[in-house]
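Each remark here refers to the structure printed beneath this line.
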2 protein chains.
Amino acid sequence: MSDRKRLPGSSGRDVHFERVVILAEGSFDVEGAKTAVGIIRYGRCRTVAVIDSQHAGQMAKDVIGVGEGIPIVASLQEALVYEPQTLAIGIAPRGGLLPAEWRQVIVNALECGLDVISGLHAFLQDDPEIAFVAERHGCVIADVRRPPEGLPVAEGLCRSVPEQTVLTVGTDCCVGKMSVSLELTLGAKRRGMAADFVATGQTGILIWGRGISVDACVADFIAGAAERIVLEACRDADWVFVEGQGSLYHPGYSGVTMGLIHGTSPKQMILCHQVSRPEIRGYGIAIPPLNEVVAYHETVCAPLFPTKVTAIALNTYDLAAAEAERAIREAEELTGLPADDCIRNGPDKLLDAVISAAG
Amino acid sequence: MSDRKRLPGSSGRDVHFERVVILAEGSFDVEGAKTAVGIIRYGRCRTVAVIDSQHAGQMAKDVIGVGEGIPIVASLQEALVYEPQTLAIGIAPRGGLLPAEWRQVIVNALECGLDVISGLHAFLQDDPEIAFVAERHGCVIADVRRPPEGLPVAEGLCRSVPEQTVLTVGTDCCVGKMSVSLELTLGAKRRGMAADFVATGQTGILIWGRGISVDACVADFIAGAAERIVLEACRDADWVFVEGQGSLYHPGYSGVTMGLIHGTSPKQMILCHQVSRPEIRGYGIAIPPLNEVVAYHETVCAPLFPTKVTAIALNTYDLAAAEAERAIREAEELTGLPADDCIRNGPDKLLDAVISAAG
């Protein structure tokens, strides 16, 4: 049974996790399907196919730049030839609801004997029809966003851990906080450092196999959830890279960000920013200059614990190489901090900054 | 059926709301039972008795300074002589769980035909035994902290409402934010102003009969819940006093506070502070001087919307009159803002400050 894995939100049952087909109908691109992209880029499972009729016939690598050899197909039916064991929901829509047109695909997948992994706010296990079909066909559903029972109110314990806790923060949602935390973790491990990644969102949990989606916790327990998983990581790791969520500037999600910051009480913060994004997406709120963003984050934390932004992680995926290099130089000049795009250039420069700041 | 009322979290059924007995066993005092004190001070229902064996034989007014004619009794059995229709849970314990020793009292109350109103995180309707007994005896349970279905992600709409939205913020939990917002609402109504109170916590909902407990919402929807209830209040009121929650300085609850601030996007903030409290209770974190607290709140809001702290509401319940007067003067000198204790002195001075700041 080595092809099964215990995931959060699976009611204590193991999920097939070797051969996964990703549902990303109508939205398989870098911006629209961040869960799909995260699984393909970092997942420990093998993605055998992606379902998106708009891109059917292409390969994943052609569309998102990663995913060598992964075909995009038009339907679940077409995906079955690649022998998936599990269907993973590959989008994270605003509000976390299940798009109505996907319901039938999920039911069909269960009828074909596939397990289903979902990171939606709307838990599939709580949907009577879907739960019934899963039970009938002996399939497991993992609602990885479902928080565990019995979360505590944060006690402020992370303020005094000796480990180097490093939290990614961002100028907006979807700018690359999870990817940067993962790149730093993997880079640190390659150097033989005792490093761990702390997943705080559904895609991170899918990739790392554990964690708590802090945005799905009852609000009183955001910081308590973060505190719990950071303390767990600190047991075996000296370098703990915590996936950030949302943005202190985001009118919808700032509460999650604030709770995560206080629950983590990080020794260092890495500021993530997408260079081509001048405003909070969908809100028309201007993102301040990066030096002001750095100062703002340090000011917000100061009354509770001293911390610094120690590096800038830029997302330049949509820029030409020369533009990216210029953006990195400009960010360094503006903030006086090391900056880099660690997807484009690898995590070593940012990792050196983290190690240097740890002293 | 005029003695019944529709409350949030009652599954669409009406709760008896004329004659209430409050359960506050072992904790009926100003600091320990803020829900009980809130109901007695501001509730629209009649409190017929309080259950607390430690204070049995006294009157509520002797213990908490309000509640003329309300006896404190040792048990539910003794309370029945006062013919209650409803048992209200009168504490808001950290973490919101049901104290084990209260379970039997709730079951007994239901068996006696009483409805039950609870503001705990642990929903009584989800407890199979309690739900069974309620059903069997035809009683209604109102879990007023249960958030409604289908909450939105905040859209930032409150930033542009023309109404004067006024949010109380605090240096800690339990410093009087709800009471100040209620006093200002009631004071404004006495002056004939079109004012409304927006309840954001369980006690406020119990008092006002509507609202959403934002600390019980799924974290992604804190600001969205706040936005919804503020916009609703703006339909009929020009002066909207929003009950604050937690504190930006609180390691456990700051996420709730941040979400509420951004969801409300208040035109003004009233800073609430208990003079005798130098630290965040239970955390040993020093509360900064009030002028720094004012600046901090304005700085946190600045990137999203311009707002000011326009008055200081001091809680001096445990000080002698002369000490209270001195504390008020000192707060005014330190911050340059009008300050007062509106429980001690009435809301007029703070209300004048709010009206003056509205321009």
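The values are calculated or read from the model by the stated rules, or taken from the named source; none is laboratory data. The model shown is predicted, which means the values in this text are computed figures rather than measured ones. Every residue, glycine among them, receives a Cβ derived from its backbone with ideal geometry; neighbour counts consider all protein chains shown. Only protein heavy atoms, including side chains, enter the accessible area calculation; ligands, DNA and RNA are left aside. Shrake-Rupley method; radii C 1.70, N 1.55, O 1.52, S 1.80 Å.
Given the criteria farther than 30 Å from A:GLU292 by Cβ, of a type in the set (Lys, Arg) and within 14 Å of another protein chain (Cβ to nearest Cβ), does B:ARG277 qualify? So B:ARG277 does not fit the description; no. Checked against (1) open to solvent by 10 Å² or more (accessible area, probe 1.4 Å); (2) within 13 Å of chain A (Cβ to nearest Cβ); (3) at pLDDT 95 or above, B:GLN202 passes all but a single condition, namely (3). Every condition in (1) in contact with a Lys or Arg (Cβ under 8 Å, 6 or more places away or on another chain); (2) more than 9 Å from chain A (Cβ to nearest Cβ); (3) closer than 18 Å to A:ILE285 by Cβ holds for B:GLY244 except the one numbered (3).
Residues in the stretch A:1-22 that are farther than 19 Å from A:GLY201 by Cα and either of a type in the set (A, V, I, L, M) or crowded, with 20+ Cβ neighbours inside 10 Å (or both): A:MET1, A:HIS16, A:VAL20, A:VAL21. Counted as qualifying within the stretch B:167-269 are the helices (runs of 4 or more DSSP H) with 3 or more residues that are of a type in the set (A, V, I, L, M) and within 19 Å of B:ALA357 (Cα to Cα), namely B:177-190.
Among the residues of this structure, A:VAL81 does not count as one that is modelled with pLDDT of 95 or more and within 14 Å of another protein chain (Cβ to nearest Cβ). Among the residues making up the stretch B:324-359, those that are at pLDDT 95 or above and not in a helix (DSSP H, G or I) are B:GLY336, B:LEU337, B:PRO338, B:ALA339, B:ASP340, B:ASP341, B:GLY346, B:PRO347.
Looking only at the stretch A:153-177, which residues are closer than 26 Å to A:ILE312 by Cα, open to solvent by 20 Å² or more (accessible area, probe 1.4 Å) and within 13 Å of another protein chain (Cβ to nearest Cβ)? Residues satisfying the conditions are A:ARG159, A:SER160, A:CYS173.
Taken over the stretch A:125-136, the residue count meeting the criterion of being open to solvent by less than 80 Å² (accessible area, probe 1.4 Å) and without any contact (Cβ under 8 Å) to a residue 60 or more places away in the chain is 5.
Screening the stretch B:228-241 for residues that are closer than 23 Å to B:GLU149 by Cβ and of a type in the set (D, E, K, R) and picking the one that is farthest from the other protein chains (Cβ to nearest Cβ) gives B:ARG235.
The residues of the stretch A:270-307 that are closer than 15 Å to A:ASP172 by Cβ, free of Cβ contacts under 8 Å to residues at least 24 places away in the same chain and in a helix (DSSP H, G or I) amount to a single one, A:GLU292.
When A:GLY119, A:GLY150 are screened for being open to solvent by less than 70 Å² (accessible area, probe 1.4 Å), of a type in the set (Gly, Ala, Ser) and touching a residue at least 60 places away in the same chain (Cβ under 8 Å), only A:GLY119 passes. Every test in (1) open to solvent by 20 Å² or more (accessible area, probe 1.4 Å); (2) touching a residue at least 40 places away in the same chain (Cβ under 8 Å); (3) not small (Gly, Ala, Ser) is passed by B:GLU68 save one, and that test is (2).
Conditions (1) closer than 30 Å to A:SER247 by Cβ; (2) assigned to a helix (DSSP H, G or I), marked per residue:
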| residue | (1), (2) |
| --- | --- |
| B:THR47 | no, no |
| B:GLN54 | no, yes |
| B:LYS61 | no, yes |
| B:GLU68 | no, no |
| B:PHE132 | no, yes |
| B:GLU135 | no, yes |
| B:PRO148 | yes, no |
| B:GLU155 | yes, no |
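Does B:GLU78 qualify as being part of a helix (DSSP H, G or I) and either without any contact (Cβ under 8 Å) to a residue 60 or more places away in the chain or aliphatic (A, V, I, L, M) (or both)? The answer is yes for B:GLU78.
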